[in-house]
1. Per residue of the range 18-31, in order, report the coupling 6.51 cos²θ - 1.76 cosθ + 1.60 (Karplus, θ = phi - 60°) as ³J(HN,Hα) in whole Hz, putting x for Gly and Pro.
2. From the backbone phi of the range 58-65, what are the Karplus-calculated ³J(HN,Hα) couplings (6.51 cos²θ - 1.76 cosθ + 1.60, θ = phi - 60°) in whole Hz, Gly and Pro given as x?
3. Out of residues 5 or more away from Arg42 or on other chains, whose amide H comes under 5 Å of its own, with H placed 1.01 Å from N in the peptide plane?
4. For the chain, what relative contact order do you get, as a whole percent, if you take Cα pairs closer than 8 Å and at least 6 residues apart?
5. Could you list which residues have their amide H under 5 Å from that of His99, counting only those 5 or more apart in sequence or on another chain, with H placed in the peptide plane?
6. How would you rank Glu113, Glu14, going from fewest to most other Cβ atoms within 10 Å of each one's own Cβ?
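Nothing in this text is a laboratory measurement; each read-out follows from the coordinates by a stated rule. In this text the structure is predicted, and so the values were computed from the model without any measurement. Heads up, the Cβs are rebuilt from the backbone with ideal geometry, glycines too, and the neighbour counts pull from every protein chain shown.
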Amino acid sequence: MIGPRQSKQTAADERRARALVKNRDQGLCVRCGLPGNNFDHRKGRGRGGRWAASNGQTLCGSGTTGCHGWRTMNPAQALEDGFDVPGYARPELWPARRHGVGWVLYDDEGGFEPITAATARLLTEGQVG
């Protein structure tokens with residue numbers, strides 16, 4: 001099914017998403033809690049991911065080191081833990097584990113809502129939506 005056409009994103013959209021994620025994550029890796037320096041798209045732009053706070057996360061390392069490297073080298077586990085979002089899913093509805101918090105849903109205003117593991121499981125299994 002083809003969804004509604006999305007507007008082309010601008011440099012301002014990128015700046016806004018980066019600023020919201022930086023503020024939300026306070027410069028810390030959401031996976032391990034160490035200082036993070038890397039804005040990462042949970043759903044890659046090549047798979048339809050957009051510049052939005054719900055689709056961004058701060059990770060330490062690069063594509064080959066730290067938690068960003070772990071995410072790259074462990075795609076199945078990254079998906080299971082919400083550090084990756086499948087192509088068919090919306091990032092704001094795909095739960096993620098967050099260091100020191102547990103399961104959360106990220107929003108596009110730069111916040112997050114803690115959820116239970118049971119709710120996370122239902123969302124990833126497509127039983128809630």
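1. Values per residue, Gly and Pro as x: 4, 5, 5, 5, 4, 5, 4, 8, 6, x, 10, 5, 6, 8 Hz.
2. Residue by residue, the range 58-65 yields 9, 10, 7, x, 10, x, 10, 10 Hz.
3. HN-HN under 5 Å from Arg42: Gly56, Gln57.
4. Working: 218 pairs, mean separation 25.7, N = 129.
The normalised contact order for the chain reaches 20 percent.
5. It is Arg31, by chain and number.
6. Going from least to most buried by this count: Glu113, Glu14.
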